[in-house]
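Encoded as structure tokens, the structure appears first; notes follow it.
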Amino acid sequence: MLFKYPLQKHYLSLSIVLMFVWSCTNIVSDVENLFDPQDPDYIAPSTGIFSGPLDGDILDTNEVTFTFRHSNSQYWPDSSNTLTRLPHEILYSFRVDNNSWSTWSSGDDILKKDLSFWTYDSTTGLHTVTITNLEDKHYTVEFRSQYPTNITERNWPRIGFDINGEGGTKLFISPSHTYIDSGNTFFVYTRLNDVVDFMGTHIELTYSTEDLKLENYFLEDDSTDFLLQSIGYIISFIKSDTLTGNFTMDLGLAGGNVTGVTGSGTLIRFKFSHRGPIRDSMIELNEMCTVRDIYNNSVLQRVQSGIVTVW
């Protein structure tokens, strides 16, 4: 009997500690279980687009911005519950025109990476992605999500829209914004759009040799078809310096009684490989580029360089 009360005291203290541990475990478990299909409140990954172009839009800009997060508010930040880290842990990925998917990135990852094109607001749980340097064409952009439990969204949103910018003769890099995996090989093209009575062009292109290596280049098949609308023949002079990252080409039509070419077409295909750090890099058409018609008039109105984004 001498130990009755001290033992009761210890049992009472132990019970309180166990109840506290169970209570804390239960709270954390509730949060984590929302990523578990066995949880009664579980909702499958579902990305909601909250702003940006709508499917079928026609836009007169070369830049678009999307904001997105989980479509269900249960997975949004909750200021009344500081333990809720759900929105910061959900991973997202996006791609443009069936190219490579971006690396999976959570809100926490984005805050650490400090990317120029992707930001995250921890107070709202909204991700913001800006896609720049768009050319005049149809685009499809897709966004998908994944839980830390490796459960991936099945029917993610796909937004298709058209860019229809200013008219006029344009010399540009296509795709104007390329997305690649680090270390990969990829192709870009120089294109000429909406030219009238084309006779010749001078192209000067530069790129960073720290980031990119030019593997090879050649006139595209359809450039021959495009240019040979004329009765003349094609002449070209090319100089490529892979040590400094400079490429120069003079291309024109020659022959007696030559007619100009009207329309749009691809001129050159370049094969690059990535070999530098993970960062954006430029493939730049400089101000010395020209396009001339059969009367030797300069008809070039717009030049658009290319951006390469490496995941």
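The values are calculated or read from the model by the stated rules, or taken from the named source; none is laboratory data. What you see is a predicted model, and the numbers here were worked out from it, not measured in a lab. Here the Cβ is made from the backbone with ideal geometry for all residues, glycine too, and neighbour counts use every protein chain on show.
Hey, Ile268 hits all of (1) closer than 24 Å to Gly167 by Cα; (2) modelled with pLDDT under 90; (3) among the aliphatic types (A, V, I, L, M) but one; which does it fall short on?
Only one criterion is unmet by Ile268, namely (2).
Looking only at the range 180-206, count every residue that is at positive phi and either assigned by TED's automatic domain parsing to the domain that holds Lys137 or not in a strand (DSSP E or B) (or both) and tell me the total.
Going through the range 180-206 one residue at a time, the tally reaches 1.
Of the residues that sit in the range 161-182 and are surrounded by fewer than 15 Cβ atoms within 10 Å (Cβ to Cβ) and either in contact with a helix residue (DSSP H, G or I) (Cβ under 9 Å, 6 or more places away or on another chain) or small (Gly, Ala, Ser) (or both), which one is farthest from Thr201 (Cα to Cα)?
Only one residue tops the list, namely Ser182.
Applying the selection to the range 90-119, what residues are over 30 Å from Ile173 (Cα atoms) and surrounded by 17 or more Cβ atoms within 10 Å (Cβ to Cβ)?
Listed by number, the residues that qualify are Ile90, Leu91, Ser106, Gly107, Asp109.
Hey, does the range 129-141 have a residue that's surrounded by fewer than 17 Cβ atoms within 10 Å (Cβ to Cβ) and more than 24 Å from Ile307 (Cα to Cα)?
no
Among the residues that make up the range 261-271, is at least one of them free of Cβ contacts under 8 Å to residues at least 40 places away in the same chain and exposed (fewer than 13 other Cβ atoms within 10 Å of the Cβ)?
Within the range 261-271, none of the residues are free of Cβ contacts under 8 Å to residues at least 40 places away in the same chain and exposed (fewer than 13 other Cβ atoms within 10 Å of the Cβ).
Report, by residue number, each residue of the range 232-276 that is β-branched (Val, Ile, Thr), under 24 Å from Glu287 (Cβ atoms) and outside any strand (DSSP E or B).
Thr242, Thr244, listed by residue number.
Being in a strand (DSSP E or B) and of a type in the set (Asp, Glu) is the filter; apply it to the range 277-310 and report the residue that is nearest to Leu214 (Cα to Cα).
Here the answer is Glu284.
Only residues in the range 208-224 that are at pLDDT 90 or above count as the first member; pair them with residues that are among the acidic types (Asp, Glu), Cβ under 9 angstrom, at least 6 apart or cross-chain, and list the lot.
Final answer for the pair search is Asp211/Asp280.
Is one or more of the residues making up the range 184-203 of a type in the set (A, V, I, L, M, F, W, C), free of Cβ contacts under 8 Å to residues at least 60 places away in the same chain, closer than 25 Å to Gln301 by Cβ and surrounded by fewer than 16 Cβ atoms within 10 Å (Cβ to Cβ)?
Scanning the range 184-203 turns up no residue that is of a type in the set (A, V, I, L, M, F, W, C), free of Cβ contacts under 8 Å to residues at least 60 places away in the same chain, closer than 25 Å to Gln301 by Cβ and surrounded by fewer than 16 Cβ atoms within 10 Å (Cβ to Cβ).
Can you tell me which residue within the range 191-206, out of those that are within 17 Å of Lys239 (Cα to Cα) and in contact with a Lys or Arg (Cβ under 9 Å, 6 or more places away or on another chain), is modelled with the highest pLDDT?
Filtering first and then ranking leaves His202.
Mind listing whichever residues of the range 35-80 are in contact with a Phe, Trp or Tyr (Cβ under 8 Å, 6 or more places away or on another chain), surrounded by 18 or more Cβ atoms within 10 Å (Cβ to Cβ) and part of a loop (DSSP other than H, G, I, E, B)?
Phe35, Pro45, Gly52, Pro53
Please give the number of the condition Thr123 fails out of (1) without any contact (Cβ under 8 Å) to a residue 12 or more places away in the chain; (2) more than 28 Å from Gln304 (Cβ to Cβ); (3) exposed (fewer than 14 other Cβ atoms within 10 Å of the Cβ).
(1)
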